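Below: one structure, written as structure tokens.
Please treat every number below as a calculation from the coordinates, not as lab data. Computed from a prediction, not measured in an experiment: that's the story for all the values here. Don't worry about glycine lacking a Cβ; one is built from the backbone with ideal geometry, like all the others, and counts go over all protein chains shown.
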Amino acid sequence: MKNFLLLLLLPLSFSVCAQSSVDPWKITADSINAANYYGVTVANGMIGVVSAPEPFKVKEVVLAGAYDTYGRGMVSNFLRSFNLLNMQMSIDGEQINKNNVTQMHQVLDMHHANFTTSFQFENKAQISYTYYSLRQLPFTVLMTVTITAKQPLTLGAASVMEAPDALRDVENYYNQIDRPHTLISLLTSSAKSPTGKLLLCAANSFMFDEPHGQEPQIIHEMWDNNMHLMKFSKSLKAGESYTFSIVGSSITSAHNADPLNEAQRLTIYAKLQGRKRLIDFHNEAWDALWKSDITINGNAQDQQDVHSMLYHLYSFVREGSDLSPSPMGLSGLGYNGHVFWDADLWMFPALLVLHPEMAKSMIEYRYARLAAAKQNAFEHGYKGAMFPWESAASGVEETPVWALSGPFEHHITACVGIAAWQYYEVTQDKTWLKEKGWPLLKAVAEFWSSRVERNGPGHFDIKDVVAADEWAENVDNDAFTNAAAKAVLQYATTAAGIIGEKADTDWLYVARNIPILQFPDGVTKEYATYNGQGIKQADVNLLAYPLKEITQPQQIKKDLEYYSTRVPDAGTPAMTQAIFALLYARLGDGEKAYHWFKDAYIPNLNPPFRVIAETKGGTNPYFATGAGGIIQSVLMGFGGLNITESGITQIPSALPKQWKKLTITGVGTQKKTFTVQ
């Protein structure tokens with residue numbers, strides 16, 4: 001009997017030990033399998049660096065805002081940037097590679113946004129390197145390398161600059177600037193984008209700890225038109241540790257009129273600050289970001305996962321810009337770097353609650369492209385502004401012509417207006433509302449007022465759309481599209497009153513007469529001809545949140561119970577289950593909420609860093625849209641936060657039994673703290 005009880009207790013004991021060993025801030029890969037490896041990103045909202053399983057390699061360097069027309073769909077796509085951090089290292093003439101290293105570990109430090117790889121090379125050296133996408137310098141990256149010799153050895157290290165295949169007219173430069181206290185060696189490359197539209201440039205330099213005049217001699221080698229390097233060698237004694245760094249900057253003519261010289265200037269600027277100051281300032285910036293945090297007591301793995309989602313959202317957006325993230329952020333070229341409703345409806349609210357100054361960049365992105373949206377409306381015979389389903393640099397429609405979402409998924413225009421109104425609600429910034437929010441809301445309201453079809457008194461249809469549930473193409477009176485149009489017509493009217501402008505009386509008239517359809521049993525009907533088939537993603541359930549079109553708990557529950565059974569096991573994006581979790585938490589059912597919270601991302605995780613793919617079993621991480629939805633389920637679901645016209649309030653909600661307490665810090669412009677337990 002005692003043995004039987006012991007066996008029963010063992011799984012519980014193991015679970016407790018496993019939970020307690022999960023670090024809330026660090027994700028560690030102790031076993032690197034290159035055949036089943038999905039990189040994790042270090043980014044600063046402008047430049048993203050994606051990890052690789054091979055020593056001294058990075059998979060990808062992605063620069064926000066850099067697009068050209070090539071590849072998929074004859075539309076503007078993200079460009080691969082120069083790889084600033086790829087290195088070659090040899091010891092006693094033997095090149096280090098994945099086949100001659102052991103005990104390889106990789107660690108993502110989410111608190112200070114850096115990535116470390118460590119390993120042993122034969123019996124000769126212990127080596128580690130850490131890279132940063134510096135938060136305080138938007139176009140600059142840093143990598144620090146430390147070698148500890150186990151026996152006398154000769155180290156050879158090279159920084160390799162290689163142009164991605166899609167670029168053309170590559171030019172390589174090397175020059176040395178000798179100053180009284182330092183020697184600056186600059187490895188520089190430039191290239192044109194596929195059409196020649198952009199000039200992409202990068203430069204880097206070694207940083208040494210030795211006094212000026214005692215640094216290793218640097219040799220430049222030109223290998224071919226697309227690649228060159230600079231290298232040095234160093235002899236080490238047994239037991240001696242040696243540290244050096246590479247600092248570099250990458251920028252394009254989309255960001256600066258003189259990118260070639262600016263890449264070099266920024267690199268020199270960073271180099272002369274020194275490694276310690278660069279890292280200190282970077283850490284201080286991330287410490288400030290993490291003053292807005294989510295703390296979960298009771299489940300260490302959930303805490304780490306939520307930190308990872310927040311970390312990626314913080315990494316993919318930069319305050320002070322007019323850029324907005326794609327569904328995959330800066331984790332690669334997924335979705336071509338285009339901006340969808342993913343930014344406005346799914347990522348934006350999570351960032352808005354915790355960092356309004358970062359969310360503002362996303363609204364600035366839409367405001368800066370308002371003229372293009374107005375032209376798009378004109379071309380389609382509508383008034384106001386019609387925002388593109390896929391947007392890149394210019395704000396014109398970037399959806400490939402074979403995808404019907406381009407000309408028909410009109411709810412994106414309502415999502416832009418909703419985000420603008422939410423920004424005002426959280427910040428209460430009437431100056432911004434008058435100068436930028438009102439022009440956006442007015443143009444969006446004018447679009448919907450002209451978009452509806454007036455089919456008799458009191459009946460205004462919105463026909464022929466792609467629904468929020470994108471499996472429903474060219475349908476009439478989609479629930480989310482209709483409710484979102486109603487919402488922005490109302491928001492625009494309210495905004496006009498706040499700033500003393502005159503709203504068009506037609507806006508409220510239209511809003512009151514847009515139908516929300518129902519089945520005979522009272523379940524909200526997704527669209528006019530919907531008859532119960534599977535859905536790709538949340539549509540009807542969005543009427544309860546964020547639209548507040550449906551407010552009665554019984555109706556919310558009825559719609560949840562119906563549509564949660566219409567979601568297939570595969571092929572649906574992560575944010576659908578996040579909305580189910582949010583609504584069940586608000587209804588007071590913590591256990592159902594927790595089921596959907598876990599179902600939103602656990603089946604989507606990829607090794608070795610638990611990076612989220614778009615769908616269950618998917619292989620296209622990192623899906624920032626899903627992270628945004630899941631963070632909303634924590635903030636606005638379990639946390640009960642509610643964005644209202646008077647600011648952020650808190651409504652009743654329920655925690656799962658797995659969580660003892662939920663604390664949300666740094667909320668809104670006043671940086672308030674909210675708790676649930």
Could you work out how far apart the two model spin labels at Phe281 and Thr195 are, taking each label as a point 7 Å from the Cα in the direction of the beta carbon, and quote it in nm? 3.6
Test of understanding: ordering Lys231, Lys657, Lys486 by Cβ neighbours within 10 Å, fewest first, what list do you get? Lys657, Lys231, Lys486
Taking only Cα atoms, what is the 0 to 90° angle, nearest 10, from helix 590-599's long axis to the longest principal axis of the chain? 50
So for R0 = 35 Å, FRET eff. of Asp165-Ser241 from the Cβ-Cβ r, to 0.05, ends up at 0.40
Quick one: which residues, 5+ away or cross-chain, put their amide H under 5 Å from the amide H of Gly329? H built at 1.01 Å from N. Ala624
Rounded to the nearest 500, what is the 222 nm mean residue ellipticity of the chain from helices alone, with -39500 (n - 2.57) per DSSP H run of 4+ residues and division by all residues? -9500 deg cm²/dmol
Along the Cα-to-C-beta direction of Asp23, a point sits 7 Å from the Cα; which residues of region 62-94 have their amide N less than 15 Å from that point? none
Taking the Cβ-Cβ separation of Arg265 and Thr644 as r and a Förster radius of 51 Å, what is the calculated FRET efficiency to the nearest 0.05? 0.65
When Ile579, Ile516 are arranged by how many other beta-carbons sit within 10 Å of their Cβ, fewest first, they go Ile516, Ile579
Length gain on complete extension for the stretch Lys150 to Gln214, per 0.36 nm per residue less the alpha carbon to alpha carbon distance? 20.7 nm
Nearest 10 degrees, 0 to 90: helix 553-563 Cα axis against the chain principal axis: 60
Paramagnetic reach from Gln95 in region 136-177 [backbone N under 18 Å; point 7 Å along Cα→Cβ]: 155-163
For Kirkwood radius over Cα pairs in Å, the listed values are [x] 29.4; [y] 26.5; [z] 25.6; which was obtained by calculation from the structure presented? [y]
Nearest 10 degrees, 0 to 90: helix 275-289 Cα axis against the chain principal axis: 20
Mean-position separation - Cα centroids, region 473-519 and region 144-182, in angstrom: 58
Test of understanding: ordering Thr116, Thr529 by Cβ neighbours within 10 Å, fewest first, what list do you get? Thr529, Thr116
